[in-house]
1. I'd like to verify a number: residues in region 240-257 that are within 15 Å of Lys298 (Cβ to Cβ) and either assigned to a loop (DSSP other than H, G, I, E, B) or touching a residue at least 60 places away in the same chain (Cβ under 8 Å) (or both), how many?
2. Within region 323-333, is even one residue open to solvent by 10 Å² or more (accessible area, probe 1.4 Å), assigned to a loop (DSSP other than H, G, I, E, B) and over 30 Å from Pro87 (Cα atoms)?
3. Kindly indicate whether Leu315 is in contact (Cβ under 8 Å) with a residue 60 or more places away in the chain, within 26 Å of Glu346 (Cβ to Cβ) and either aliphatic (A, V, I, L, M) or open to solvent by 10 Å² or more (accessible area, probe 1.4 Å) (or both).
4. Taking region 149-158, which residues are β-branched (Val, Ile, Thr) and in contact with a helix residue (DSSP H, G or I) (Cβ under 9 Å, 6 or more places away or on another chain)?
5. Is there any pair with a first residue in region 271-298 that is under 22 Å from Ile107 (Cβ atoms) and a second that is among the acidic types (Asp, Glu) and open to solvent by less than 20 Å² (accessible area, probe 1.4 Å) whose Cβ atoms are under 8 Å apart and which are 6 or more apart or on different chains, and what are they?
6. Out of region 42-63, which residues are open to solvent by less than 70 Å² (accessible area, probe 1.4 Å) and among the acidic types (Asp, Glu)?
7. Pick out, from region 159-211, the strands (runs of 3 or more DSSP E) lying fully within it that include 2 or more residues that are crowded, with 17+ Cβ neighbours inside 10 Å, in contact with a helix residue (DSSP H, G or I) (Cβ under 9 Å, 6 or more places away or on another chain) and among the β-branched types (Val, Ile, Thr).
8. Please work out which one of (1) out of contact with any helix residue (DSSP H, G or I) (no Cβ under 8 Å at 6 or more places or on another chain); (2) open to solvent by 20 Å² or more (accessible area, probe 1.4 Å) is the condition Arg134 fails and give its number.
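The values are calculated or read from the model by the stated rules, or taken from the named source; none is laboratory data. Note that the structure is predicted; figures quoted are calculated from it, not measured. All Cβ positions, even for glycine, are placed from backbone atoms using ideal geometry, and neighbour counts span all protein chains on display. Surface areas here come from the heavy atoms of the whole protein model, side chains and all, with no ligands, DNA or RNA. Shrake-Rupley method; radii C 1.70, N 1.55, O 1.52, S 1.80 Å.
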Amino acid sequence: MNIFVKIILWVIALLVMASVTIVSIGWMASKPGYEGPVSDHFNGTTFENPGNVPSKDFVDVMKWYLQRDQGEWTRIPEEEVTFAEKPARKVTKGMVITFINHSTFLIQTGGVNILTDPVWSDRVSPVSFAGPKRYRPAGVKFEDLPEIDVVLISHNHYDHLDLETLKKLEEKFQPQFITPLGVSQLLKGTLFRYTLELDWWEEKAIHTNISIHSVPAQHFSARGLFDRNKTLWSGYVIKSPAGNVYFAGDTGYGDFFKVIQQKFPVIKVGLIPIGAYKPQWFMGPMHLNPEEALQVHKDLRAQISFGMHFGTFPLADDGMKDPENDFMKAIQKPENRGVNFKLLTEGDSFRIR
């Protein structure tokens, strides 16, 4: 056997080993799905998006992966970051919204502290040695958090459901975890005390005059290779005396935003994703680009909106600054002038009176 044949055999063996490893990790990471009655967005086995949304299969994934042209990312070390002061213990008058980064906000109103999709880990991945790595520190240190009463989880992707962070929150605060259908199974399996699942358009009162409403989103779910769309994905509307807050979670663009506006005519604050949209042919159905995010703000008729889901984890091909740069270009267009949509720096707070 000549050296060329030996090299080919070694390459084939390595590829087989790599494939077996990936499939094994994908199988172990996959989680049980939701079991319940068929509905207009659940066929008895998997969940479906509203409207006619093109799905991406394994061939599309491989095409994207092999043709990736990722923009530049530069890690910002913790020592170069000025962290926010400790948030107030409680906010009883008005509302304070603090951007921590990625899709994590601290929402304080009516004496209740709410966290959205909390992530403080360095990677968002089923394994600790690979996967998207954090490039910006969280704007509020975990140890500086006030007592957390409620945690909203939009879906089960690793950059939105970070189990290590949730375990720390459970250990320290024992908050109420609110999830879409099927997602709480992951938490119940790790002994979380207070979990509640909501279907689209269901609601839960969490305090006097404060309630959480689950609303549709256009996305997908998966923790591994074999559990795609077996749990639901959602956005949320928080109704409070200080105003309604819409948290989009992770979503592409669709007509359902206008339906949300009809059901919640007065949205004071929108929290809307603007990143992970390149290449558009692959990411577009499931993620908003900055121009679409501005349209969502207008569809909702929100009084003010803040961007999220950008500049923290390299999840797609847009570079670290692409969402911000494309947002600034979009908001300067004539049709968007005067739109009250802002980008916060992690740790920034905004008070609503």
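1. 5
2. From region 323-333, those open to solvent by 10 Å² or more (accessible area, probe 1.4 Å) are 324-326, 328-329, 331-333; that's our starting set.
The next check asks that each one be assigned to a loop (DSSP other than H, G, I, E, B); those that pass are 332-333.
Cutting the leftovers down to over 30 Å from Pro87 (Cα atoms) gives us 332-333.
Scanning region 323-333 turns up at least one residue that is open to solvent by 10 Å² or more (accessible area, probe 1.4 Å), assigned to a loop (DSSP other than H, G, I, E, B) and over 30 Å from Pro87 (Cα atoms).
3. Values: in contact (Cβ under 8 Å) with a residue 60 or more places away in the chain: yes; within 26 Å of Glu346 (Cβ to Cβ): yes; either aliphatic (A, V, I, L, M) or open to solvent by 10 Å² or more (accessible area, probe 1.4 Å) (or both): yes.
Criteria met by Leu315.
4. We begin by selecting, within region 149-158, every residue β-branched (Val, Ile, Thr); these are 150-151, 153.
The answer is Val151, Ile153.
5. Short answer, once both residue conditions are applied: Pro273/Asp250; Gly275/Asp318.
6. Listed by number, the list holds a single entry, Asp60.
7. It comes to 176-180.
8. (2)
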